[in-house]
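Notes follow the structure.
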Number of protein chains: 2
Amino acid sequence: MQKVSSKDVNIRPSFLRTLMDRVADRMIPYQWETLNDLVPDAAPSYCIRNLKAAAGLIDAPHGGCVFQDSDLAKWIEAASYMLVWRDDPETEKHIDYAVELMEKAQTGDGYLNTYYQLTDVTKRFTNLRDNHELYCAGHMLEAACAYYEATGKRKLLDIMSRYVDLIDATFGPEENKKHGYPGHEEIELALVKLYSITRDEKHLRLAKYFIDERGSAAQYFDREAEQRASSYAWERSVYAKNVYYQAGSPVREQFQAIGHAVRQVYLLIGVAEVARETGDETLRTVCDNMWKNITRRQMYITGAVGQTAFGEAFTFDFDLPNDTVYGETCASIAMFFLCQSMIRLRPLGEYGDVMDKMLYNGTISGMNLEGDRFFYVNPLECIPERSKKSQIIAHIKPERQKWFGCACCPPNLARMIANLPSSVFMAEKNTLYANLFTCCDVKTKLEGGSVSLSADTRYPLDGVMKFEIKESFDGFVLALRLPRWVRSYTLTVNGASPETVMDEGYLYINDLKKGDVILYDLQMPVSTVSANPRVSQDAGLVAVKRGPMVYCLEEKDNGDMLSNLSIDPENGFEAEFKQDKLGGIVEISCPAKRISLNGWDEYELYAQDRKPVCEDCTARFVPYYAWNNRGKGEMRVWVRTHGKER
Amino acid sequence: MQKVSSKDVNIRPSFLRTLMDRVADRMIPYQWETLNDLVPDAAPSYCIRNLKAAAGLIDAPHGGCVFQDSDLAKWIEAASYMLVWRDDPETEKHIDYAVELMEKAQTGDGYLNTYYQLTDVTKRFTNLRDNHELYCAGHMLEAACAYYEATGKRKLLDIMSRYVDLIDATFGPEENKKHGYPGHEEIELALVKLYSITRDEKHLRLAKYFIDERGSAAQYFDREAEQRASSYAWERSVYAKNVYYQAGSPVREQFQAIGHAVRQVYLLIGVAEVARETGDETLRTVCDNMWKNITRRQMYITGAVGQTAFGEAFTFDFDLPNDTVYGETCASIAMFFLCQSMIRLRPLGEYGDVMDKMLYNGTISGMNLEGDRFFYVNPLECIPERSKKSQIIAHIKPERQKWFGCACCPPNLARMIANLPSSVFMAEKNTLYANLFTCCDVKTKLEGGSVSLSADTRYPLDGVMKFEIKESFDGFVLALRLPRWVRSYTLTVNGASPETVMDEGYLYINDLKKGDVILYDLQMPVSTVSANPRVSQDAGLVAVKRGPMVYCLEEKDNGDMLSNLSIDPENGFEAEFKQDKLGGIVEISCPAKRISLNGWDEYELYAQDRKPVCEDCTARFVPYYAWNNRGKGEMRVWVRTHGKER
């Protein structure tokens, strides 16, 4: 399956376009300022300063984390994607400036990493596990590919190709090379991106090498640590365990997501990409098993992954605590990318469903409606006083932040959103797959000819879509994803029911000709979701959903102590579009009960044989992504239930 | 109010006697072995080795924690209490041997602390905050008082009096002394114990000084840390914050429990003791406010206190997470001791009620039925797989341990239980207060004369009690605690209803004469308890209780996935005595529903609009203290509810 280039897709005003414009108008300029340390009261980035220092233009020590370079890389990548759909000479100038600095900073043999260059470059490639060296290289590589594809400018691609040559000369199966692999996976998938441009087998081979060497019996990280004489305490911590880095066993033998969530998912993307390019069936099976494990046993209903703050990591199957959850924004973004790699392996509607889940919930919850405040952690329950006073959930911030000392998430969001045009469709032979639903025009070349169509919809606000075929050819097939949440839908072509084939989550429509009008109407009632009874944390609770969106209760609409609210799903819900609320949302409401404080003294902790007194009230739900845009307050996704059936 | 000496109280076979015998038969000999590092596979104690080394008898470095000496101290204290009610020449020999080692180890100027003596004694008294020096002194002092009172042997008391003289010469308001106070409170209460023997005002004054200096504006710990040039990271942690040590403000201004739980409660005991001895009203008010805050806003239904593993600390009002709870055994034991100090300030039945709560739940849950395995942490919910795989609750062990690197809890349990005879009664003027209910004989002197009586009861298995007056005098008053959980009771003297005065939780009975027989029958039905709706974690849940005992569900009786069980309290319960189960318990059962796994694929995480399918089943509850005596499995105190009223 091929990507449909974002150059072929024009996204018109819509939910997605609003996100994209927010990124272009606010996030990309704002993040350039942060990278230059120009935002007052925000954690300093040091990115540009580090680069200038490495280039010898100023004298400054390295600032920030060991992986600081990657923030700039992700920003360049995001800005490059944006340049495809928006003229922005100012931003392009900024990128060129950064690229120039990189060129100056790069050493004669191709090395480029400001942390090592500004500390002790002789130590380079001696601590792959902890110091994110190949991770930074991976992100810069992605940036280089994106900038080249957006503008045709080769300079950054050339810089990074030289660096990749050095990495290739350093790592590999040959006896004179190091048999290492990155502590934070990323470069594997980036190398396949590079390969898609260069078609240089060396690039694919190196990606495959990093995957195949990972977790081999020789345990590279342990040997590295011995040579470094790393501190005893650190070596006893979770951060010294090979499984934390998905290196406890060979990748081909792995079947359960474990360790650091972003690392795990980035690794899988690399595995899927290599599997696709090489046709390697074992690697494909690893992806299938891992996909199943993550999405069907370890994923929150919002799409959050990584259940624990200890190491930002997966824990185990069916363990989904809502109050102590980690759910890093980056991990959900990684899942969004993984969906695309999985679709390219095999067109299953399930992959698109999860893309939707990520897109409308756990990724964009990471930013506010203005695009200048960010969550690193995305809880399913927030009680601000607990976050403040209970260390065990100190990672759960009750308000989005301006920036972070470790600022991986904001530029990651920017690059995901800026590249949305390339995520809407995919193509295989003569079939155009519609994975995301939004207002857009697409004009692209399939195997049998050119095709062009327009799509109009208010999705995700409702499920009504109109597609008009502007250009077609004999044998053209349109595959429309039928989301799993759909219980009822209609599909007509020019007013009549077409013959369709339903296969693994897609409706395939043949014989579409220029001028054909397709109406696709996905009924979008409010529904409630229960979790598998194996999830101890969600017993007796439901989540409220509509279409792809998960909803939540906020204190602003419902008062505090949200755990006292319960609903009876049998009572039904009302859904109402509110233009002026939270940027335009469908608000959901239903009758509810609230355990009353009446009769409870505030110095009375427990009462014996006292029947709970409940007050009738109305529960109001807003989309999860939009929470915390009206000040600090409680939030809750899973709600208690009452009623005869419960 | 006066204590009634354990020499005056003989506890006959009963629930309490079983505990005492377990301590005498198993825990005291077992713990002596651990202190001598003789138990295979248990964490080494080093206690005796450290003392030998400090005495110059062997050459060995200091082993274990900085507060290791206190383990031995608590063991001596426990063993001393035991010697009051059991002849045990072997144990007495062990104590004498340890005392001899202490005498040899004590320096010329009275100092005695193996950690500093075996590392660098010139550093003594330079890190009160972190190194538990005065805490260890406090425990040794308590041991000295107990051993003296049990045996009349003065040697340890003399050793410790010399040490106290040194401490008194080192700390105080005078300009030439250090204006410090302990990082871990304990010595305050111990000094009042010493004062109760010596009546030397110096001892009471020093206790009061440590309390009054604590949290003063000069902030001793900060100045100490500056002088030590303590590590930056440590000084930024929770362990460097004055509030963590109840030193954020002067003690007289404190009203909310905060920081390390055991420290907080030990401080309060010291404050209550000083308040009683000095009549200081401000200190009494501190105790009253703190008591209210802890017991009515921060205490689990099991009596556990300290909600978070981060620093073993209190968090804030109404925050009572059941799965991440800390609830250190020592903290509940400290609460048990605090109850006694509070009663001595003022006879409120409430204090005895909490004593009961501690005694039958959160303290003895810390040990198994054999007395050789221990919990440090006492959760209200345990899922063994979570404890194993989720770092955030790694502190919650699903099985009791043989011993701990930090082994404060086991000897603390031993000293609490060994001294139970002194906890049953209290005396004031001509009134004998019965706080605990057990089979016993008491013969003691009140102001107006001698009194002797016997008590017979199966309490806490049921609430029927018979008291027989064996010796009395004119004006003798018996005050029987009427627990707050009692809904219905009868009281007769020689078969007729006596005139009684009910006052603040006690029934006062006058004119009792030799031969009088009192029947006191507390109805003990099963009841359910709800938490204040301000406790977000317990919304919609109930706990099952009978008399003073909180019950729990165990996997052994109910299968796993206990969160899927729900009960309807309106359906009633059955209570049945089972002699052969868990050492003899009253088992509680009731009809229940269980969310069924039927229809759920094990690779299906969420289901839309699917009504939960419930199976009827029977829920079986066992007393909380007895959990985890039949292998590893899930446990849960708070249970979901269903039914019309819920």
Worksheet entry | Sole exception among (1) surrounded by fewer than 18 Cβ atoms within 10 Å (Cβ to Cβ); (2) within 11 Å of chain B (Cβ to nearest Cβ); (3) out of contact with any strand residue (DSSP E or B) (no Cβ under 7 Å at 6 or more places or on another chain); (4) in a loop (DSSP other than H, G, I, E, B) for A:Arg610, by number | (3)
Worksheet item: Can you name every residue in the stretch A:501-527 that is surrounded by fewer than 22 Cβ atoms within 10 Å (Cβ to Cβ) and under 28 Å from A:Met299 (Cα atoms)?
Response: A:Met502, A:Asp503, A:Glu504, A:Gly505, A:Leu507, A:Gln523, A:Pro525, A:Val526, A:Ser527
Worksheet, complete the sentence: Going through the stretch A:497-509 in order, the residues found to be closer than 11 Å to A:Leu432 by Cα and free of Cβ contacts under 8 Å to residues at least 40 places away in the same chain are A:Ile509
Worksheet, complete the sentence: Conditions (1) open to solvent by 40 Å² or more (accessible area, probe 1.4 Å); (2) more than 35 Å from the chain's Cα centre (by Cα) -> A:Lys632 fails only (2)
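Let's see how each residue does on (1) over 20 Å from A:Ile187 (Cβ atoms); (2) polar (S, T, N, Q):
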residue: A:Arg228; (1), (2): yes, no
residue: A:Glu253; (1), (2): yes, no
residue: A:Val262; (1), (2): no, no
residue: A:Ala275; (1), (2): no, no
residue: A:Thr285; (1), (2): yes, yes
residue: A:Asp288; (1), (2): yes, no
residue: A:Gln307; (1), (2): yes, yes
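Specify which of the listed residues (B:Arg223, B:Arg228, B:Arg252) is touching a residue at least 40 places away in the same chain (Cβ under 8 Å), over 30 Å from B:Val354 (Cα atoms) and open to solvent by 60 Å² or more (accessible area, probe 1.4 Å). Before the answer, list the steps.
Working: B:Arg223 fails: touching a residue at least 40 places away in the same chain (Cβ under 8 Å); B:Arg252 fails: over 30 Å from B:Val354 (Cα atoms).
Just one listed residue meets the conditions, B:Arg228.
Suppose the filter is crowded, with 20+ Cβ neighbours inside 10 Å, among the charged types (D, E, K, R) and at negative phi; does B:Lys556 pass it? Can you show your working first?
Values: crowded, with 20+ Cβ neighbours inside 10 Å: no; among the charged types (D, E, K, R): yes; at negative phi: yes.
Spelling it out, it is not the case that B:Lys556 is crowded, with 20+ Cβ neighbours inside 10 Å, among the charged types (D, E, K, R) and at negative phi.
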Worksheet, complete the sentence: Here the residues within the stretch A:174-220 that are in contact (Cβ under 8 Å) with a residue 40 or more places away in the chain, outside any loop (DSSP other than H, G, I, E, B) and among the charged types (D, E, K, R) are A:Lys178, A:Glu188, A:Lys193, A:Lys208, A:Asp212, A:Glu213
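Going through the stretch A:482-509 one residue at a time, which ones are in a loop (DSSP other than H, G, I, E, B) and among the polar types (S, T, N, Q)? Working first, answer last.
Of the stretch A:482-509, the ones in a loop (DSSP other than H, G, I, E, B) are A:482-488, A:494-495, A:497-499, A:504-505.
Hits for the stretch A:482-509 are A:Ser488, A:Asn494, A:Ser497.
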Discussion item. For the condition facing chain A (nearest Cβ under 9 Å), crowded, with 23+ Cβ neighbours inside 10 Å and over 23 Å from A:Ala394 (Cα atoms), what is the one hit in B:Thr324, B:Thr295, B:Thr329, B:Thr302?
Written reply: B:Thr295
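For the stretch A:623-635, state whether one or more residues are farther than 17 Å from A:Pro569 by Cα and within 11 Å of chain B (Cβ to nearest Cβ). Write out each step before concluding.
Filtering the stretch A:623-635 down to residues farther than 17 Å from A:Pro569 by Cα leaves A:623-635.
If we keep only those that are within 11 Å of chain B (Cβ to nearest Cβ) as well, we get A:634.
Within the stretch A:623-635, one or more residues are farther than 17 Å from A:Pro569 by Cα and within 11 Å of chain B (Cβ to nearest Cβ).
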Discussion item. If I filter the stretch A:287-305 for residues that are over 18 Å from the mean Cα position of the chain (by Cα), in contact (Cβ under 8 Å) with a residue 24 or more places away in the chain and assigned by TED's automatic domain parsing to the domain that holds A:Phe404, do I get at least one hit?
Written reply: yes
Response to the item:
How many residues of the stretch A:613-641 are under 27 Å from B:Arg487 (Cβ atoms) and in a loop (DSSP other than H, G, I, E, B)? The answer is 1
Worksheet item: Can you tell which of B:Ala257, B:Ala169, B:Ala233 is without any contact (Cβ under 8 Å) to a residue 12 or more places away in the chain and within 14 Å of chain A (Cβ to nearest Cβ)?
Response: B:Ala233
Response to the item:
Per the filter on the stretch A:142-159, residues part of a helix (DSSP H, G or I) and either basic (Lys, Arg) or within 16 Å of A:Cys408 (Cα to Cα) (or both) are A:Glu142, A:Ala143, A:Lys155
Worksheet item: Which one of these is among the basic types (Lys, Arg) and closer than 30 Å to B:Gly259 by Cα: A:Lys388, A:Lys357?
Response: A:Lys388
Worksheet item: So which residues in the stretch B:382-413 are in contact with a Lys or Arg (Cβ under 7 Å, 6 or more places away or on another chain) and in a helix (DSSP H, G or I), if there are any at all?
Response: B:Pro384, B:Ser387, B:Ile393, B:Pro411, B:Asn412
Worksheet item: Since B:Lys644 meets every condition but one in (1) touching a residue at least 12 places away in the same chain (Cβ under 8 Å); (2) in contact with a strand residue (DSSP E or B) (Cβ under 7 Å, 6 or more places away or on another chain); (3) within 9 Å of chain A (Cβ to nearest Cβ), which condition does it not meet?
Response: (2)
Worksheet item: If the Cβ limit is 9 Å and pairs must be 6+ apart or interchain, which residue in the stretch B:466-481 that is in a strand (DSSP E or B) pairs with which residue that is among the charged types (D, E, K, R) and buried (at least 19 other Cβ atoms within 10 Å of the Cβ)?
Response: B:Arg481/B:Asp353; B:Arg481/B:Asp356
Practice prompt. Please go through the stretch A:523-554 and pick out each residue that is in contact (Cβ under 8 Å) with a residue 60 or more places away in the chain and over 29 Å from B:Asp560 (Cα atoms).
Written response: A:Gln523, A:Met524, A:Val526, A:Lys545, A:Gly547, A:Pro548, A:Met549, A:Val550, A:Tyr551, A:Cys552, A:Leu553, A:Glu554
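Among the residues of the stretch A:562-588, what is the count of those that are in a helix (DSSP H, G or I) and away from chain B (no Cβ under 14 Å)?
Taking the stretch A:562-588 first, the residues in a helix (DSSP H, G or I) are A:562-564, A:569-571.
Add one more test, that the residue is away from chain B (no Cβ under 14 Å), and what stays is none.
The qualifying residues number 0.
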Worksheet item: Does A:Ala418 satisfy being buried (at least 24 other Cβ atoms within 10 Å of the Cβ) and either farther than 26 Å from A:Val84 by Cα or more than 12 Å from the chain's Cα centre (by Cα) (or both)?
Response: yes
Discussion item. Given the condition at the interface with chain A (Cβ under 10 Å from one of its Cβ atoms), aromatic (Phe, Trp, Tyr), in a loop (DSSP other than H, G, I, E, B) and within 30 Å of A:Tyr603 (Cβ to Cβ), answer yes or no: does some residue in the stretch B:354-376 qualify?
Written reply: no
Worksheet item: Inside the stretch A:377-397, can you point out the residues that are touching a strand residue (DSSP E or B) at 6+ places or on another chain (Cβ under 7 Å) and more than 14 Å from chain B (Cβ to nearest Cβ)?
Response: A:Lys397
Worksheet item: In this structure, is A:Asp41 open to solvent by 10 Å² or more (accessible area, probe 1.4 Å), over 23 Å from the mean Cα position of the chain (by Cα) and touching a residue at least 60 places away in the same chain (Cβ under 8 Å)?
Response: yes
Worksheet item: Could you list, in sequence order, the residues of the stretch B:105-132 that are buried (at least 19 other Cβ atoms within 10 Å of the Cβ), in contact (Cβ under 8 Å) with a residue 60 or more places away in the chain and not aliphatic (A, V, I, L, M)?
Response: B:Thr114, B:Tyr115, B:Gln117, B:Asn127, B:Arg129, B:Asn131, B:His132
Discussion item. Give me the residue from the stretch A:48-102 that is assigned to a loop (DSSP other than H, G, I, E, B) and among the β-branched types (Val, Ile, Thr) and, out of that set, surrounded by the most Cβ atoms within 10 Å (Cβ to Cβ).
Written reply: A:Val66
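Can you tell me how many residues within the stretch A:461-494 are charged (D, E, K, R), open to solvent by 40 Å² or more (accessible area, probe 1.4 Å) and away from chain B (no Cβ under 14 Å)? Reasoning before the result, please.
Step one: filter the stretch A:461-494 for residues charged (D, E, K, R), giving A:462, A:466, A:468, A:470-471, A:474, A:481, A:484, A:487.
Within this subset, residues satisfying the condition of being open to solvent by 40 Å² or more (accessible area, probe 1.4 Å) are A:466, A:468, A:470-471, A:474, A:484, A:487.
Checking which are away from chain B (no Cβ under 14 Å) leaves us with A:466, A:468, A:470-471, A:474.
Going through the stretch A:461-494 one residue at a time, the tally reaches 5.
The values are calculated or read from the model by the stated rules, or taken from the named source; none is laboratory data. This structure is a prediction, so every number in the text was calculated from the model and none was measured. FYI the Cβ positions are ideal-geometry reconstructions off the backbone, even for glycines, and counts take in every protein chain you see. With ligands, DNA and RNA removed, areas are computed over all heavy atoms of the protein, side chains included. Shrake-Rupley method; radii C 1.70, N 1.55, O 1.52, S 1.80 Å.
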